[in-house]
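The values are calculated or read from the model by the stated rules, or taken from the named source; none is laboratory data. Please read these numbers as outputs of a predicted model, since none were measured by experiment. Backbone-built Cβ (ideal geometry, glycine too); neighbour counts: all protein chains shown. With ligands, DNA and RNA removed, areas are computed over all heavy atoms of the protein, side chains included. Shrake-Rupley method; radii C 1.70, N 1.55, O 1.52, S 1.80 Å.
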Amino acid sequence: MRIFSTLGVATVLRHLDLPAEIRFDPTARLLAAIAEGARADIAILTDAGVEALTAQGILAAGTRRDLAHSYVGLAVPPGAPHPRFGTVEEWRETLLAAPSLAYSRAGASGIFFAEWLEAQGIAAEVNAKATIIPHGFTAELAARGEVALAIQQVSELMAVEGVEVLGKLPEGANTCAVFSGALFVGAEPGAAALLDSIAAAMTPEALRAGGLDPA
């Protein structure tokens, strides 16, 4: 059995001891791989990604299961001062004052953050000191002391040891991603039962422990 899963739920799935080979990547990279012909039995992507693949006949209609909600958050190196980011204005000031930061180019959080910077009119100033990684965990840079701020989905920040996850960005500077699972057309027998077990295991307690919210 094979699962293609967004990085956003990696912290939860890795604790489930699933009888499957799991490929973790941002949804955008998984969608690109699927467009090139890659296939598995279960896909866990953003709800928009699942809907698009279902419309294309790649995922089986009627098999979508909404699993979790995910928000963008902030992490800093261990022992670093905690910046103010409780309001949009505080967050803007923190970004402009920060010596360095990291966000992801391919992930849903990074795409949203880049668009938000443009809308706020501070993209040039912030990007001049930003490390924009193609994929992976931005918190790894903070853990190594390479950047002062790491911005990514809270669940992805929590996947990295050696950082302090400070919480969600404020309303007005955040977005909610819905992660959903669905079966590929032609999935192996047992894939539906496996997706059911994944959904059942994603209890509110398990999701919150992994930096996610119930769907």
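Summary table below
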{"quantity": "Checking HIS69 against (1) within 23 Å of PRO134 (Cβ to Cβ); (2) out of contact with any Ser or Thr (no Cβ under 7 Å at 6 or more places or on another chain); (3) outside any helix (DSSP H, G or I); (4) not hydroxyl-bearing (Ser, Thr, Tyr), the condition it does not meet", "calculated": "(1)"}
{"quantity": "One residue from ALA10, ALA40, ALA33 being out of contact with any helix residue (DSSP H, G or I) (no Cβ under 7 Å at 6 or more places or on another chain), outside any loop (DSSP other than H, G, I, E, B) and at pLDDT 95 or above", "calculated": "ALA33"}
{"quantity": "Which numbered condition HIS135 misses (of (1) farther than 27 Å from THR54 by Cα; (2) open to solvent by 30 Å² or more (accessible area, probe 1.4 Å))", "calculated": "(1)"}
{"quantity": "Qualifying residue in segment 51-64 (condition: surrounded by fewer than 17 Cβ atoms within 10 Å (Cβ to Cβ), among the basic types (Lys, Arg) and touching a residue at least 24 places away in the same chain (Cβ under 8 Å))", "calculated": "no"}
{"quantity": "Members of segment 164-179 found to be part of a loop (DSSP other than H, G, I, E, B) and open to solvent by 30 Å² or more (accessible area, probe 1.4 Å), listed by number", "calculated": "GLU171, GLY172, ASN174, THR175"}
{"quantity": "Checking ARG92 against (1) closer than 20 Å to PRO134 by Cβ; (2) more than 21 Å from the chain's Cα centre (by Cα); (3) charged (D, E, K, R), the condition it does not meet", "calculated": "(1)"}
{"quantity": "Residue match in segment 109-118 (condition: modelled with pLDDT under 95, of a type outside the set (Asp, Glu), open to solvent by less than 10 Å² (accessible area, probe 1.4 Å) and under 19 Å from LEU30 (Cβ atoms))", "calculated": "yes"}
{"quantity": "Any chance ALA182 is outside any loop (DSSP other than H, G, I, E, B), closer than 19 Å to ALA80 by Cβ and either in contact (Cβ under 8 Å) with a residue 40 or more places away in the chain or open to solvent by less than 50 Å² (accessible area, probe 1.4 Å) (or both)", "calculated": "no"}
{"quantity": "Segment 138-158: number of residues that are of a type in the set (Gly, Ala, Ser) and crowded, with 21+ Cβ neighbours inside 10 Å", "calculated": "4"}
{"quantity": "Any hit, segment 128-149, residues being in a loop (DSSP other than H, G, I, E, B), over 27 Å from VAL12 (Cβ atoms), of a type in the set (A, V, I, L, M) and in contact (Cβ under 8 Å) with a residue 24 or more places away in the chain", "calculated": "yes"}
